[in-house]
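Heads up, the thing below is written out as structure tokens.
The values are calculated or read from the model by the stated rules, or taken from the named source; none is laboratory data. Predicted model, so just to flag it, every value in this text is computed and none were measured. Neighbour counts run over all protein chains shown; Cβ positions are idealised from the backbone, glycine included. SASA here: full protein model, heavy atoms, side chains in, ligands and nucleic acids out. Shrake-Rupley method; radii C 1.70, N 1.55, O 1.52, S 1.80 Å.
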Amino acid sequence: VLEERTFDHHGFVLGGDVEILFVGPARRFTIVGVHDTSRLLGATLAVFDLRTAQTVLDREGTVDQIAVAVAHGAEPAEVRAGLASLLTADQEVVTDEQSRREAVETWTDSLGFLRTVLLVFAAIALLVAAFLIFNTFSILLTQRTRELGLLRAIGAGRGQVTRSVLAEAFLVGTAASVVGIGLGVLGAIGAVAAIRGVGIDLPSTEPIVL
């Protein structure tokens, strides 16, 4: 069984053959179904019956996980305790919530470096932007020395001139920030669309502006 996107994208048909590479030469299988599980970071997923999976993955007679459905009205803690009594010391019973939490922690640890890299780039961009803004504004004030001097000559006080310059800087900075945030959000949406365009599925979440 293949996941839906790979099945559609490559033009497979039910009853047709597909070659899958494990350790050693590629093996040919017959496609008997399609499932709609989203691909993980662009990976192609294939599902086999238990006997075939144990053979191709060199896990004869063993399984890595067993999913247990708790009957309606049963107490999960009692079911867990009963299953634990049947297992060996190197096996454990975990709830669905624990399994999800462990999976999230694993992915968070694996992708932690990416967050650090992005924060470093953001800090560098912030420092460069602050440096450029400071220099640009200094140059503009230097070019307007005569204008500011004229304002003082016709009676404007030092505080009035300072407040006018600060107000101008505030308005320009606010407008630039709004435009920058808008472009950033549009850039993020475009990046996600580009990533999905090459076949990598990402979780569907609401945009977050930090």
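Of ALA84, VAL161, PHE131, which is farthest towards the positive pole of the range 70-199's charge dipole, taken about the Cα centre with +1 and -1 on the beta-carbons of Lys, Arg and Asp, Glu respectively?
The listed residue farthest towards the positive side: VAL161.
Using helices alone, I'd like the mean residue ellipticity at 222 nm for the chain: each DSSP H run of four-plus residues gives -39500 (n - 2.57), total over residue count, nearest 500.
The per-residue figure over the chain is -19000 deg cm²/dmol.
Going through the DSSP H helices of the chain, which span 18 Å or more along their own axis at the Cα atoms while scoring at least 1.0 as a mean Kyte-Doolittle hydropathy?
Helices passing the filter in the chain: 112-143, 158-197.
Please work out the average accessible area per residue across the chain, using the 1.4 Å probe convention, and give it in Å².
Each residue of the chain exposes 80 Å² on average to a 1.4 Å probe.
Go through [x] 24.5; [y] 18.0; [z] 20.4 and flag the label whose value is the computed Kirkwood radius over Cα pairs in Å for this structure.
Answer label, from the structure shown: [x].
Counting DSSP beta bridges with both partners in the chain, what percentage is antiparallel, nearest 5?
Percent antiparallel among DSSP bridges in the chain is about 75.
Efficiency by 1/(1 + (r/R0)^6): what FRET value for PHE22 and THR116, r their Cβ-Cβ distance, R0 = 41 Å, to the nearest 0.05?
0.70
Under a crude label model (7 Å from the Cα following the beta-carbon direction), how far is PHE137 from LEU83 in nanometres?
For the pair PHE137/LEU83, the computed spacing is 6.1 nm.
Taking the Cα centre of the chain as origin, sum charge times position over the Cβ atoms of Lys and Arg (+1) and Asp and Glu (-1), and report the length of that vector in debye to the nearest 20.
Computed charge dipole of the chain: roughly 1780 debye.
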